[in-house]
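Peer 1: If you scroll down you'll find the structure; I have some questions about it.
The values are calculated or read from the model by the stated rules, or taken from the named source; none is laboratory data. As the structure is a prediction and not an experimental result, all values here were calculated from the model. Cβ coordinates were reconstructed from backbone atoms using ideal geometry, including for glycine residues, and neighbour counts include every protein chain displayed.
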């Protein structure tokens, strides 16, 4: 093998594909996201780990004030700020020897933290959850699958009081403006503050 082919082999990921399938593309806070990760390889290599990478990010438009020396005064400009609210890399397999023609499906169940933020999209703010499959490889770039956006919602609230045998269920409805679930008895959205119209 030539020197350049060895160098190129170190700089490129193995010839393999990773794809995710989900039982459903939405999950409530505190619940598990269930699905499977399929691996197909056209090359032999050693995998350190098969994992999913799940991330929750928040993007917000904010007004930033700064001093402009040319104008001799403060100016305001709109900036986009991004923050990672949650990040996890749960392993679902490995280490293992992957051979040419290897095919395997790895089931997974990943918990969405109850204290997280639900998916939210508005003009000035956005909270998104995304997930991708990864084959970690030592000494070479990892094999990564396409990043998929998932919908994370507030859990529906229900209470059961057994002493008096009273069962009460709170019906949740989506906000017309931001889509956040809120109790049917609420007069305003707890997330965006919009007044309920119906």
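Peer 1: Condition test on residue 97, is it modelled with pLDDT under 95 and under 30 Å from residue 173 (Cα atoms)?
Peer 2: Values: modelled with pLDDT under 95: yes; under 30 Å from residue 173 (Cα atoms): no.
No; evaluated as a whole, the condition is false for this residue.
Peer 1: With respect to the numbered conditions (1) modelled with pLDDT of 75 or more; (2) exposed (fewer than 11 other Cβ atoms within 10 Å of the Cβ), which one is the sole condition not fulfilled by residue 5?
Peer 2: The single condition residue 5 does not satisfy is (1).
Peer 1: Here's something else I'd like to know. Is at least one residue of region 44-60 outside the structural domain of residue 131 (by TED's automatic domain parsing) and either exposed (fewer than 10 other Cβ atoms within 10 Å of the Cβ) or part of a loop (DSSP other than H, G, I, E, B) (or both)?
Peer 2: No.
Peer 1: Name every residue in region 63-93 that is exposed (fewer than 10 other Cβ atoms within 10 Å of the Cβ) and not in a strand (DSSP E or B), in order of residue number.
Peer 2: Selection gives 69, 70, 71, 72.
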